[in-house]
Every structure is written in C-alpha cells, then in structure tokens.
C-alpha cells in the first residue's frame, strides 16, 4: 500500500504541473495496460491505481487516464463474468445472475461517472492520505501482533 500511495503521489504531482496531453498512442496504451501487473506483484497496489498513475506519469490528462483505466477493465470483468456463467448454468440460477449483472452495471456506471467528475476537479490527495493511514495502521497491527502476517 505504501508503494501504491507513493506511485499515486508522484502521478498527482505530475498532474499538478498543468493540463496533460489529450492524445496517446499504442506504446502509451501498452505501458498503461502493462502497469496493471503491479497489482499482481505488490499487495495493496490496485489495478486501476496503477494504470491511472502510469497514464498521468506519461503525461496524459487525468480524466482521460482514468477513463482509459476503466476501458482496460472491460476484458477482465467480461472474462470473470463468463467464468461465473458456467457455474450459474450448472446450478440453473440464471435469474439471480441476470439481476446481479443489471444491478452491478447500473452501480458501476454511476460510480464511474461520479469518479470522472471528481478526478476532473480534485487531486488524488484524499486517496493518497487514506491509503497511507491504512498502511500505517496495518504496519502497527502487524508489529503489535494484532494481525498475523
């Protein structure tokens, strides 16, 4: 979490220097998409945080980098949904699955719309602080033995 917060902080500092560029190419897309592996390698490093931060560090506008991050999530979410579909078809529970898909789509759409508006007018400092405080609390809990590693 600490590394993710530092990476997000570096991106936030970069975006504070002025408006980012509006265009990006194949290499930018590959670097942004590839940065998502940080979420697999480093506990507490989010996929979206890695891709948004990488986009901003490459000089892309904050809102455009956020939108691109969510576009990159479509294949993973579709794959996860198709994987769950085989379990639903075995149990014959298509009704609850269909309802879940509709509700998840509506909530996701509203959440992404809100986040894009927020990112367009605010820095990432609130996210950086909450991640840093949570990481500090986790370290303390590990040191005191309140939580096992």
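The values are calculated or read from the model by the stated rules, or taken from the named source; none is laboratory data. Because the structure is predicted, anything quoted here is derived from the model rather than measured. Cβ coordinates were reconstructed from backbone atoms using ideal geometry, including for glycine residues, and neighbour counts include every protein chain displayed.
In segment 14-24, is there at least one residue being surrounded by 15 or more Cβ atoms within 10 Å (Cβ to Cβ) and under 30 Å from residue 136 (Cβ atoms)? Yes, some residue in segment 14-24 is surrounded by 15 or more Cβ atoms within 10 Å (Cβ to Cβ) and under 30 Å from residue 136 (Cβ atoms). Taking the criterion of being assigned to a helix (DSSP H, G or I) and surrounded by 18 or more Cβ atoms within 10 Å (Cβ to Cβ), the only residue of segment 36-46 that qualifies is 38. When we screen 49, 81 for residues that are modelled with pLDDT of 85 or more and either more than 13 Å from the chain's Cα centre (by Cα) or surrounded by 17 or more Cβ atoms within 10 Å (Cβ to Cβ) (or both), the only hit is 49. Looking only at segment 25-35, residues that are closer than 19 Å to residue 63 by Cβ and surrounded by 10 or more Cβ atoms within 10 Å (Cβ to Cβ) come to 6 in all. Applying the criterion of being part of a helix (DSSP H, G or I) and within 15 Å of residue 65 (Cβ to Cβ) to the residues of segment 10-26, the residue that is modelled with the lowest pLDDT is 15.
Quick grid of which residues meet (1) touching a strand residue (DSSP E or B) at 6+ places or on another chain (Cβ under 9 Å); (2) in contact (Cβ under 8 Å) with a residue 12 or more places away in the chain:
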{"residue": "3", "(1), (2)": "no, yes"}
{"residue": "6", "(1), (2)": "no, no"}
{"residue": "12", "(1), (2)": "no, yes"}
{"residue": "16", "(1), (2)": "no, yes"}
{"residue": "22", "(1), (2)": "yes, yes"}
{"residue": "28", "(1), (2)": "yes, yes"}
{"residue": "31", "(1), (2)": "no, yes"}
{"residue": "41", "(1), (2)": "no, no"}
{"residue": "44", "(1), (2)": "no, yes"}
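Yes or no, residue by residue, for (1) out of contact with any helix residue (DSSP H, G or I) (no Cβ under 6 Å at 6 or more places or on another chain); (2) touching a residue at least 12 places away in the same chain (Cβ under 8 Å); (3) closer than 21 Å to residue 63 by Cβ:
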{"site": "104", "(1), (2), (3)": "yes, no, no"}
{"site": "108", "(1), (2), (3)": "yes, no, yes"}
{"site": "114", "(1), (2), (3)": "yes, no, yes"}
{"site": "138", "(1), (2), (3)": "yes, yes, no"}
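Could you say whether any residue in segment 72-93 is in contact (Cβ under 8 Å) with a residue 24 or more places away in the chain, under 21 Å from residue 12 (Cα atoms) and not in a loop (DSSP other than H, G, I, E, B)? Yes, because at least one residue in segment 72-93 is in contact (Cβ under 8 Å) with a residue 24 or more places away in the chain, under 21 Å from residue 12 (Cα atoms) and not in a loop (DSSP other than H, G, I, E, B). Does segment 19-32 contain any residue that is under 15 Å from the mean Cα position of the chain (by Cα) and within 22 Å of residue 120 (Cα to Cα)? Yes: segment 19-32 contains one or more residues that are under 15 Å from the mean Cα position of the chain (by Cα) and within 22 Å of residue 120 (Cα to Cα). When each of 97, 58 is tested for being surrounded by 13 or more Cβ atoms within 10 Å (Cβ to Cβ), touching a helix residue (DSSP H, G or I) at 6+ places or on another chain (Cβ under 6 Å), without any contact (Cβ under 8 Å) to a residue 40 or more places away in the chain and under 16 Å from residue 10 (Cα atoms), the lone residue that passes is 58. Restricting attention to segment 118-149, the residues being surrounded by 11 or more Cβ atoms within 10 Å (Cβ to Cβ) and farther than 16 Å from residue 2 by Cα number 6.
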